[in-house]
Amino acid sequence: MALNDNTEYSMATSSLSLLDPSTGILPITPPAEIAYRFHSPDWSEWNAYATRWSTYAAPSFDYVFLPETERDLSIGRHSLQGMQLEYLSANYVPLLAQGGGHGYSPTLGTKRDVVQVNLDRFDDIEIHSDGTVGVGGSVRFEDLVTSLYEAGRVMTVGSCPCVGSTGAMLGGGIGRLQGKYGLTSDAVLKFRVLLWNGTVVEASNSVNSDLFWGIQGAGQNFGIVTETTYRTWPQENSGTHYSADQYFTDDSLEGVLQRLNTIIANQDPGLGMTGFSLSIVYPGGIESGHHYADLFASTPANDSHHPINRVLINETAVPWSQLDFVASNGTIAAACKKGLRQNTYTASLRAFNLSTFVELYAAYRSFIVANPTASLSSMVFEVFGQQAVDSRASESSAFPHRGKINVLALLEMIYEDDAVAEVSDDFGQTWRDVLLRPEVSGYERPAVYQNYAHGDEPLAAVYGYETWRQEKLTALKRKFDPHEMFSGYHGIPVELSGWT
């Protein structure tokens with residue numbers, strides 16, 4: 001029932017040891033009734049809970065706190081009573097609440113030697129008779145999809161099974177089915193939220209509607225979401241999904257991208273694609289999905305205009321609950337391994353600029369040859385339907401990028417050897433900046449998906465350029481997090497001047 005993965009909330013409490021100027025930190029002294037839930041680095045399970053998915057610019061922890069209930073969380077917050085806020089501002093022990101630890105923004109790296117609030121026990125999933133589902137904050141997509149599939153229900157989820165559903169939703173929540181059902185956050189009916197002062201409130205369209213609006217796209221900034229209730233839809237095709245992984249020769253790049261641009265212009269709402277290689281996913285059987293894979297079949301040998309040479313296609317129809325482990329030849333699920341450096345840059349594109357991508361692909365190949373210890377690095381481009389996303393008004397939630405995320409590019413610099421850290425960062429940042437140029441992206445100003453943001457982008461690129469939107473978000477920050485205790489993940493400023 002709380003945070004997840006890229007849902008990282010920073011907070012502070014005096015119930016834990018206050019910093020001592022002479023020794024650095026005093027022994028931890030939480031309230032007796034929850035003391036046994038705190039663990040130090042000598043705990044036998046420390047690595048299982050404290051190790052991050054990405055170790056690049058990651059936070060570090062002195063203790064792990066494993067709460068079982070909202071009451072456990074609230075006790076820590078209420079322990080602030082009787083203390084002077086001015087004193088706490090200078091001496092509090094910072095906390096970072098975490099579900100799966102999948103968040104990779106370098107903004108988290110500013111949280112050093114903090115107490116990790118691990119919400120692993122907030123893992124309930126309850127499907128109701130009206131088709132809605134209640135989801136605890138640490139539930140990963142893998143478990144949510146399995147439960148929904150068994151109940152004959154469906155909703156938009158992310159493509160990676162180990163990502164936390166709550167964390168992905170708080171930044172908006174993109175996914176293969178968004179063209180049919182909208183963003184994950186678009187399906188939310190209500191939240192339960194723990195605020196900075198220990199109060200637990202409900203947020204919906206009718207109760208705390210301003211908070212409800214803000215959590216859908218900027219949710220890491222206002223409190224800890226302990227439970228979310230979603231609308232779901234009946235499964236189609238008995239829950240069967242078509243998956244096709246296709247592989248091409250290098251000289252097919254322009255031809256494949258040209259076909260992709262044609263599809264983007266009039267994309268089926270159920271069609272999801274990543275490339276190069278190219279993974280196609282469609283909610284249906286092989287017969288219905290093969291039509292889309294056939295668009296990328298090899299062209300005749302005498303076709304000299306952007307030819308396509310497909311060397312392999314692997315088609316299958318699988319239950320929705322197994323899709324994430326089959327699509328992209330299982331590489332997405334395999335990427336759940338913890339402990340690697342994951343330095344990622346991102347950009348949103350209207351379509352693929354053919355000449356730029358030819359240059360990018362050549363540069364990527366040269367980079368890997370020159371830096372073999374960074375050979376796990378990858379370039380991922382997600383192309384999902386936009387119809388249901390764009391059908392909602394831009395002002396309907398804090399998510400600011402409707403109509404601006406046709407293609408999401410991720411330049412994932414992955415390595416263990418820090419000797420390639422600098423050159424990897426330079427490659428990712430340089431090419432991210434190239435992709436963000438208006439003549440390349442197709443957008444006048446950068447639109448940066450919050451869950452993928454690196455942290456060096458202007459906040460307006462992440463949360464929106466409209467003055468009214470920035471004013472509303474800052475007003476919400478002042479109201480629900482006036483002391484900026486939840487600002488560890490792309491924090492919204494409490495002053496309007498912080499947007500510039």
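Things to note:
- The order of Val207, Val139, Val434, going from fewest to most other C-beta atoms within 10 Å of their C-beta, is Val207, Val434, Val139.
- 5 angstrom amide H check on Arg350, placed H, neighbours 5+ away: Gly442, Tyr443
- Kirkwood-Stokes translational diffusion coefficient of the range 243-315, alpha-carbon pairs, 4 °C, 1.567 mPa s, µm²/s: 104
- Ranking of Leu211, Leu66 by count of other Cβ atoms within 10 Å, fewest first: Leu66, Leu211
- For the range 125-234, radius of gyration divided by Kirkwood radius, i.e. Rg to Rh on alpha-carbons: 0.95
- Spacing of the two label points (7 Å from each Cα toward its C-beta) at Ala297 and Ala362, in nm: 3.2
- Three-way shape label, the range 249-366, alpha-carbon gyration tensor, a/c 1.5: oblate
- Ranked Thr299, Thr373, criterion: other C-beta atoms within 10 Å, fewest first: Thr373, Thr299
- The angle between the Cα long axis of helix 421-435 and the longest principal axis of the Cα atoms of the chain comes to about 60 degrees, rounded to the nearest 10.
- Three-way shape call for the range 417-482 based on the alpha-carbon gyration tensor, with the a/c threshold at 1.5: oblate
- Each Lys and Arg contributes +1 and each Asp and Glu -1, all at the Cβ; summed about the Cα centre of the chain, the dipole is approximately 740 debye.
- Compactness index (Cα Rg / 2.2 N^0.38 Å), the range 200-303: 1.60
- Residues of the range 35-64 with an amide N closer than 12 Å to a point placed 7 Å from the Cα of Glu416 along the Cα-to-Cβ direction: none.
- Whole-percent P(r), the chain, all Cα pairs, 10 Å bins from 0: 4, 20, 30, 26, 14, 5, 1, 0, 0.
- Spacing of the two label points (7 Å from each Cα toward its C-beta) at Ser209 and Arg392, in nm: 1.6
- Each Lys or Arg adds one and each Asp or Glu subtracts one; over the other residues with Cβ under 13 Å from the Cβ of Gln322, this totals -3.
- For the range 111-119, backbone phi angles converted through the Karplus equation (6.51, -1.76, 1.60; θ = phi - 60°) give residue-by-residue couplings of 8, 10, 6, 9, 8, 7, 8, 8, 9 Hz, Gly and Pro being listed as x.
- Note on the range 246-265 and the range 169-193: Cα centroid distance 29 Å, given to the nearest whole angstrom.
- Between the range 97-138 and the range 340-370, the Cα center-to-center distance that results, in Å: 31
- Nearest-ten-degree value, helix 141-150 long axis tilted from longest Cα axis of the chain: 70
- Area projected by the alpha carbon convex hull of the range 295-417, averaged over all directions, nm²: 11.2
- Taking Lys and Arg as +1 and Asp and Glu as -1, the other residues whose beta-carbon sits under 14 Å from that of Val358 total -3.
- Under Karplus coefficients 6.51, -1.76 and 1.60, residue-wise ³J(HN,Hα) of the range 284-291 in Hz, glycine/proline x: x, x, 4, 4, 6, x, 4, 3
- The modelled label-to-label distance for the pair Thr249/Asn237, using points 7 Å beyond Cα in the direction of Cβ, is 3.1 nm.
- The chain: angle of helix 209-218 to the longest principal axis, Cα-based, in degrees nearest 10: 60
- Hz values of 3J(HN,Hα) by residue in the range 187-203 - Karplus curve (6.51, -1.76, 1.60), Gly and Pro given as x: 8, 6, 9, 6, 10, 10, 10, 8, 8, 4, 8, x, 7, 9, 10, 9, 10
Any read-out appearing in this document is the output of simple, stated calculations on the displayed coordinates, not a laboratory observation. None of these values were measured; they are calculated from a predicted model. Note that we place each Cβ from the backbone using ideal geometry, even for glycine, and neighbour counts take in every protein chain shown.
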